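All of the numbers you see were taken from the coordinates with simple rules; none came from a lab. As the structure is a prediction and not an experimental result, all values here were calculated from the model. Because the Cβ atoms are built from the backbone with ideal geometry, glycine has one as well, and the counts that use them run over all protein chains shown.
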Amino acid sequence: MTGDADNTVSRYVVVCVGPDPDALTTLVRDIEEVCRPVIDVEGFTDAARALERIKGFHAPAVRVVMVMAGDDLTGMSGVDLLLAVHEKPHHRATRKVLVTSQPSAEDLTRLLNRGALHRTLPKPWTDDELRDCIRTLLTSFFVHHAPDDVDRISRALDTEQLPRAHVAATQQRRVLDFQLTALKRSFLANLAMSDEEVENAMGAAIDEALDNPPRRDYAVGTVLLSQDEPVDQISILVSGQVQLSRKIDDREVVLHTHSAGRIIGLLSLAQRQRAFFTCRALTEVTVLPLTFEQLDAALQASPWLSGYFVTTLIRSLSTRSKRTAQLKVEVENLNVTLRGERDQLADALGKLKQAQTRLVETEKMATLGQLTAGVAHELNNPTAAMQRAVDFIAEDLIALVTQLPDGELINSMIESAMTAAPISTRELRKRGTELRSVVGDDVLTRRLVKVGITTVDAYRGRFGRLSGAKREKLLAAVEHYHELGIALRNLSTCSDRIAGIVRSMKSYARSDQELVGDVDIHEGVEDTLRMLDHALRGIEVKRTYGELPRIECHVGEINQVWTNLISNARQAMGNTGTLRLLTDQPDAEHVRVRIIDSGKGIAPDAIEKVFDLHFTTKGGRVEFGLGMGLPICRQIVARHGGEITVESRPGESCFTVVLPIHYPRGPEDEANR
């Protein structure tokens, strides 16, 4: 056979598939005796491999003329293999043979319904049965699908069947040509006909072909077709109107009324499926019921009926499709509207949540500020009293000891203990070495150094002329009063520290509604550090402060930002590491504060989310002791007209806050001025 324009000669193949290698070898050999050398024969024991091989053949170079598959294959069954081959358009004409000892009715039905079975070959087969099967199917294939190669393949064909096959093929072709011409004429003629004219012509053709089959009349509300019930006939609507509906979740949804069409039940019947719709009469209706056999007989008897029938069907489906498209457009428009409303609701809900969070946190901070102010007020008086008491005790103690023998020495020891600057351990060790060379006693040297007598001159001036017993007695008194002086110094230091903390608490607890126009950023940061001093004991704090102008801000809110960021940095470092605080002026109108920690850093996928509401990474960067979170910090900074950003890498994270010198006043701020 010649191919297309390239005049290539096609190669033909017969594929055999069976589970028994010996039986398969015998089958291939027997087929080769009939087909060789004009047709190749290939055998497979695995159906999947056979299917892949068949898929690799492409016409016109190679054409699979026949597939013979056993019904006892493992994995993919022979029935599934034949169906899979039939699904390929260029193998649709391939002759399919099922080799079986006892064919299953279910398997035969599956194959026949799909047109995927041309013959069965019994097991075991005789030589005559095999040759007859092969020659008959090959003859049918080449006469219908490769007539130009009949002469070249004639050795493998049934020459007795050739004349009959040619006559049958010629007749079939004439019938098909006639029907095609009729359909073309009918379609072209039908284009100018109205729907009613086409439907009337279809009814007349059915009446002529079936000798006026009976009509049926139905009252309003009658169900002509019920959802999910078997369909054994179609109904052609002669007059009246019907409604198509479907029950969904116990609700009946009307799908078609004006677009129901004239042919009811055809799709379900043709596909051997149950009814998809429920069809109910909206008015009194008259229908022409036709079984599948009656419809087939009418189409065979009247060449014109096909055109009218198909035209009516296409126009009905077109009307339904248009209605479906209209509904889809309406649904899409409704979805767009709903999506817009949903987005608006989501945005409103998000703003509401943010407002709620701000209200809750503002109330928290207001309560915390009130508590802090109350505590600071309560601590202020006793702290001041403690400072005055320490000063009074120191003055009275000095006055008393001055009256004692050696009072001048004891007084100097007390004052030295209270005021002397700390001396490094190295310096003490150096002075002790010099003193030991004169005293000659290690224990005595350590006692002298401990009470502040670290030079040879001091020792000789105070103890050099005393005997051992008197020196011991005086040294014991000096040690006692030196410890008393240290205790007084500790009391004074602690009271000063408490007073500083009280001042920081009072500064921290200022009302957020109070806009202060002369705020020192460094003072606020230092107040925060003092407040968090207990939590920063294992962390080295390094300050690099530039010269900053004073700014306008809500002091309590800004102190809240420093508290959150420093507390956050402490947690990121695990209570040990280095905290750096840097301040400068990026330009004449702004100040900048950078808080840098030596923690493990923020994961890249979390950098963009750290300022989102409710976003946390437990054990990581976003977790604050006060529960405020970075979103609140960003809101505070934004209200001040500033900006907060973050940069991070392993071992270092930097939060940068830029604030304007002048607070951006709104109507409320102008009213409060």
> Residue separation times 0.36 nm, minus the C-alpha to C-alpha distance between Val38 and Lys88: what's the value?
Replying inline: 15.6 nm
>> Using a Förster radius of 60 Å, what is the FRET efficiency between Asp217 and Leu349 based on their Cβ-Cβ separation? Nearest 0.05, please.
In response: 0.55
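Tell me whether region 11-159 comes out rounded, prolate or oblate; compute the Cα gyration tensor, take square roots of the eigenvalues as a ≥ b ≥ c, and use a/c under 1.5 as the rounded threshold.
Working: a/c = 1.43, a/b = 1.25, b/c = 1.14.
It comes out rounded by the Cα gyration axes.
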> Which ³J(HN,Hα) values in Hz, rounded to whole numbers, follow from the phi angles of region 307-319 under the Karplus curve 6.51 cos²θ - 1.76 cosθ + 1.60, where θ = phi - 60° and Gly and Pro get x?
Replying inline: x, 5, 5, 5, 4, 4, 5, 5, 5, 5, 5, 5, 5
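How charged is the neighbourhood of Asp520? Take every other residue with its Cβ under 11 Å from the Cβ of Asp520, and add Lys/Arg as +1 and Asp/Glu as -1. Mind showing how you got there, number by number?
Numbers: positive: Arg550; negative: Asp518, Glu523, Glu526, Asp527.
Summing Lys and Arg as +1 and Asp and Glu as -1 gives -3.
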> For Val443 and Leu317 in one chain, what is 0.36 nm times their gap in residues minus the Cα-Cα distance, to one decimal in nm?
Replying inline: 33.8 nm
> In nanometres, what is the gap between the two model label sites at Ala638 and Ser412, each 7 Å from Cα along Cα-to-Cβ?
Replying inline: 6.9 nm
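Report the full-extension gain for the segment Lys609 to Glu330: residue separation times 0.36 nm, less the Cα-Cα distance, to one decimal in nm.
Details: separation 279, 0.36 × 279 = 100.44 nm, distance 3.81 nm.
Result for the pair: 96.6 nm of gain on full extension.
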> Sequence-distant or interchain residues sharing an amide H contact under 5 Å with Val242, placed H: which?
Replying inline: Leu282
>> Need one number: nm distance between label points at Asp520 and Ser104, each 7 Å from Cα along Cα→Cβ, rounded to one decimal.
In response: 9.4 nm
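Around Arg246, with a cut-off of 10 angstrom between Cβ atoms, what is the net charge of the other residues, counting Lys and Arg +1 and Asp and Glu -1?
On the way: positive: Lys247, Arg251; negative: Asp228, Glu252.
Its environment carries a net charge of 0.
Counting other Cβ atoms within 10 Å of each Cβ, which GluC sites (Glu not before Pro) in region 526-585 have at most 10 and sit in a DSSP loop? Please report the intermediate quantities before stating the final value.
Details: sites: Glu526, Glu540, Glu547, Glu552, Glu557; in loops: Glu547.
Passing sites in region 526-585 are Glu547.
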>> In whole Hz and in residue order, list the ³J(HN,Hα) couplings for region 213-228 that follow from phi through the Karplus curve 6.51 cos²θ - 1.76 cosθ + 1.60, θ = phi - 60°; x for Gly and Pro.
In response: x, x, 9, 10, 10, 10, 7, 4, x, 5, 8, 7, 8, 10, 4, 6
>> Which one, Gly56, Leu83, Val34, projects farthest toward the positive side of the charge dipole computed for region 12-95 from Cβ point charges (K/R +1, D/E -1)?
In response: Gly56
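What is the dipole size for region 1-101, taken about its Cα centre, with +1 at each Lys and Arg Cβ and -1 at each Asp and Glu Cβ, in debye to the nearest 20?
Using only the charged Cβ atoms, the result is roughly 360 debye.
Over 32 Å between Cα atoms: which of Lys328/Lys351; Lys96/Lys328; Lys88/Lys123; Lys430/Lys473; Lys430/Lys600 fall into that group?
Details: Lys328/Lys351 34 Å; Lys96/Lys328 43 Å; Lys88/Lys123 28 Å; Lys430/Lys473 27 Å; Lys430/Lys600 43 Å.
Listed pairs above 32 Å: Lys328/Lys351; Lys96/Lys328; Lys430/Lys600.
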>> One quarter of the convex hull surface, Cα atoms only: what value does that give for region 195-303 in nm²?
In response: 7.0 nm²
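Please say if region 9-72 is rounded, prolate or oblate, where rounded means a/c under 1.5 for a ≥ b ≥ c the square roots of the C-alpha gyration tensor eigenvalues, and otherwise the choice is prolate for a/b larger than b/c and oblate otherwise? All intermediate terms of the calculation are to be shown ahead of the outcome.
Values: a/c = 2.79, a/b = 1.28, b/c = 2.18.
Oblate, since a/c reaches 1.5 and b/c is not below a/b.
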> Can you list the residues, at least 5 places off or on another chain, whose amide H is less than 5 Å from the amide H of Leu225, using H built in the peptide plane?
Replying inline: Cys279
>> Around Val593, under 13 Å between beta carbons, what's the net of Lys plus Arg minus Asp minus Glu among the other residues?
In response: -1
> What is region 11-159's relative contact order, in percent, from Cα pairs under 8 angstrom and six or more apart in sequence?
Replying inline: 23 percent
> Going by how many other beta carbons lie within 10 Å of each one, how would you line up Ser140, Ser77, Ser194, fewest first?
Replying inline: Ser194, Ser77, Ser140
> With a 10 Å Cβ neighbour count serving as the proxy for reagent exposure, in which order, fewest first, do Asp442, Asp195, Asp527 appear?
Replying inline: Asp442, Asp195, Asp527
> In whole percent, what relative contact order does region 195-303 give with Cα contacts below 8 Å and a gap of six or more residues?
Replying inline: 41 percent
> In whole Hz, what ³J(HN,Hα) sequence does region 133-145 give by Karplus (6.51, -1.76, 1.60; θ = phi - 60°), x for Gly and Pro?
Replying inline: 4, 5, 5, 4, 5, 5, 4, 4, 5, 6, 5, 8, 10
